[in-house]
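Trainee: Let me begin by handing over the structure; questions about it come next.
The values are calculated or read from the model by the stated rules, or taken from the named source; none is laboratory data. Remember, it's a predicted structure, so these values are computed and weren't measured experimentally. Because the Cβ atoms are built from the backbone with ideal geometry, glycine has one as well, and the counts that use them run over all protein chains shown. SASA here: full protein model, heavy atoms, side chains in, ligands and nucleic acids out. Shrake-Rupley method; radii C 1.70, N 1.55, O 1.52, S 1.80 Å.
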Amino acid sequence: MVEKEESKDEVKYYSLEEVQQHNSCKSTWLIIHNKIYDVTKFLEEHPGGEEVLREQAGGDATESFEDVGHSTDAREMTSMYMIGELHPVSIYLCLFN
């Protein structure tokens, strides 16, 4: 009999209100394609400068992220900073409000 391991892949959901609270240099979260990223430790390393990330802090940065045309490497790097996903109720409210 095989024991079920605890899943490290279990998704943590955050509401839009929770994400919006993380809009400072001490805690910088972004939403990209409904996934939540804590980029606080990446601010100083960001090739485009930390201001670019800080302008989007606490909100949806999907359009800005896509407009820049990030490389494959940059897209892969995002997985290091992903902490969860936007709660489905928040997605619904964003779409229909």
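Trainee: Take residue 70 and residue 41, extend 7 Å from each Cα along the Cα→Cβ direction, and tell me the distance between the two endpoints in nm.
Mentor: 1.7 nm
Trainee: Further question: Considering the Cα trace of segment 13-95, what is its radius of gyration and what is Dmax, both in angstroms?
Mentor: Taking only Cα atoms of segment 13-95, I get Rg and Dmax of 11.9, 34 Å.
Trainee: Would you rank 40, 72 by solvent-accessible area, highest first, keeping every protein chain in place and using a 1.4 Å probe?
Mentor: My answer, sorted largest first, is 72, 40.
Trainee: At a 1.4 Å probe radius, which order do 41, 35 fall into by accessible area, largest first?
Mentor: Largest to smallest exposure gives the sequence 41, 35.
Trainee: Something else about it: Once ligands and nucleic acids are excluded and a 1.4 Å probe is used, how much of residue 38 is accessible, expressed in Å² to the nearest 10?
Mentor: Answer for residue 38: close to 50 Å² accessible.
Trainee: Can you return the aspartates and glutamates within cross-link range of residue 12? Criterion is Cα-Cα under 18 Å, with same-chain partners fewer than 8 residues away left out.
Mentor: Once the sequence-local aspartates and glutamates are set aside, what remains near residue 12 is 38, 60, 85.
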